[in-house]
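Down below is the structure, laid out as structure tokens.
The values are calculated or read from the model by the stated rules, or taken from the named source; none is laboratory data. Note that the structure is a prediction, hence the values are computed from the model and not measured. For neighbour counting, all protein chains shown are included, and Cβ atoms are generated from backbone atoms with ideal geometry for every residue, glycine included. Side chains are part of the model used for accessible areas, which takes the heavy atoms of the whole protein and leaves out ligands, DNA and RNA. Shrake-Rupley method; radii C 1.70, N 1.55, O 1.52, S 1.80 Å.
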Amino acid sequence: MKLITSTEELASACARFATQPFVTVDTEFMRETTYYPKLCLIQIAAPDGSTALVDPLAPDIDLAPFFALMGDERVLKVFHSARQDLEIIWLLGGLLPQPFFDTQVAAMVCGYGDSVSYEQLVNDVAKAKIDKSSRFTDWSRRPLSDAQLSYALSDVTHLIKVYEALGRELVATDRGAWLDEEMAVLTSPDTYRADPDQAWRRLSSRMRKAREIAVLMEVAAWREREAQTRNVPRGRILKDEAVIDIATSAPRSVEALGRLRTIPAGFERSRTGADILAAVERGLSREPSTVPVPERGRARSGGNGALVELLKVLLKAVCEEERVAPKIIATVDDLEALAEDDAADVPVLHGWRRGLFGEKALALKSGRLALSAEGGRVVVRELPQEA
């Protein structure tokens, strides 16, 4: 197993791959100490048996041939659980693979569960075992061992059989179109743009006051920009708990900032402390009416709670019958919205999801459908309607 370490070797390998109907792709990366992932290895395989292990850390290597392959619309690119791989390709190459196929999403459609692991898929579909001993090794250290390279290559060689089996099942069940929406999200640049001005949303669930949200927006945006600029994890700049404490208490002096339990001793008198106080002032100066306060979670009392639980049972029964993962059909938020409103604007009331589950959910709400237990399983039955 030889690592490709030059642009010429990479270009030659990618030229071979460009003649194939599809290639399987995986990456190994590190991001424990950085904001952006550090690409350490690229693995590619094709159905004709050709493979490649690419060292992106090799001196002077240009990954342009790899990115050209990723953008070649004549070749399908197959990944498993591709979100982080695609993020790396977007950040380094400025493009997203087209056309594209994610076997984890396909496995959900084919009834393998909400988040089936690659190892389990390989075991079930390819009838093979993966040696996981190198899974958590440091991929940035050189030289890479034969065990590391063997493990990395197996990720893409076994993926060929997994893709082919899932592809056949999708054709047999006529469910190929079910993947389109999920694939569209994964191949949208918006999925991978880390907008500092939106960083507050991840931490906003505990807050309802406009003043708190305003400060949170500014402090979270400042932290995100600092993390991006320094290329360090956001937690290295300021822990989530500290951001929330600052938003809640809105300290306006060095002394007030220093009294917060989540702020390290002396931190308040540093340049960073001054930046935080400036962010707090920007938040407090916002016009409250312009602050987007998140909606409160939908209440599960007053009748809706029991209905939501009933819809969950229906969803699980339908998904067991149809052999599809519940996660790809509806979220809890979708079910809560549906419990409140028959015309809720949620995916489950559109397209193939409506035919599979949405109509049944509406029928259950209106008393036209019943659930019963038979032989240890939940059975869905239509109720006779009065003339």
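Where in the chain are the helices, taken as whole DSSP H runs, whose Cα atoms extend 24 angstrom or more along the long axis and whose Kyte-Doolittle mean reaches at least -1.0? Going by DSSP H runs, the hits are 146-173, 210-230, 304-322.
A protection proxy built from the mean count of other Cβ atoms within 10 Å ranks the segments 375-382, 102-109, most packed first, as 102-109, 375-382. Under the shape rule built on the C-alpha gyration tensor, where the axes satisfy a ≥ b ≥ c, the range 71-205 is oblate, since a/c reaches at least 1.5 while a/b does not exceed b/c.
Per residue of the chain, the DSSP helices (runs of n ≥ 4 H) give a summed -39500 (n - 2.57) that works out to -13000 deg cm²/dmol at 222 nm. Stretched out straight at 0.36 nm per residue, the stretch from residue 333 to residue 230 would grow longer than its current Cα-Cα span by 33.5 nm.
With both residues required to sit in the chain, DSSP beta bridges show an antiparallel share near 70%. Using 0.36 nm per residue and subtracting the Cα-Cα separation, the extra length available between residue 370 and residue 350 on full extension is 5.0 nm. On the chain, 50 percent of the accessible area sits on carbon and sulfur atoms, based on a 1.4 Å probe. Computed extension length for residue 261-residue 141: 39.4 nm, one decimal, from 0.36 nm per residue of separation with the Cα-Cα distance subtracted.
If R0 is taken as 56 Å, the Cβ-Cβ distance between residue 270 and residue 310 corresponds to a FRET efficiency of 0.55.
Ordering 85, 240 by accessible surface, largest first, gives 240, 85; the 1.4 Å probe counts only protein heavy atoms, with every chain in place. Each peptide in 46-56, 2-12 receives the mean, over its residues, of other Cβ atoms within 10 Å, and ordering these scores from highest gives 46-56, 2-12.
Sorted on the mean count of surrounding Cβ atoms within 10 Å across their residues, most packed first, peptides 319-328, 140-149 read 319-328, 140-149. Looking at the chain, the accessible area is 50 square angstrom per residue; that uses a 1.4 Å probe and ignores ligands, DNA and RNA.
Set against the labelled values (i) 42; (ii) 31; (iii) 23, percent of Cα pairs over 36 Å apart computed from this structure falls on (i). Among the listed pairs 129/327; 132/316; 316/360; 38/161; 77/127, give every one whose C-alpha distance is greater than 21 Å. Violating the 21 Å Cα-Cα cut-off are 129/327; 132/316; 38/161; 77/127.
Placing a label point 7 Å from the Cα of residue 185 along the Cα-to-Cβ direction, the residues of the range 101-123 with a backbone N closer than 15 Å are 102-109, 114-116. Placing unit charges on each Cβ (+1 for Lys and Arg, -1 for Asp and Glu) gives the chain a dipole about its Cα centre, and among 6, 43, 260 the Cα reaching farthest toward its positive end belongs to 260.
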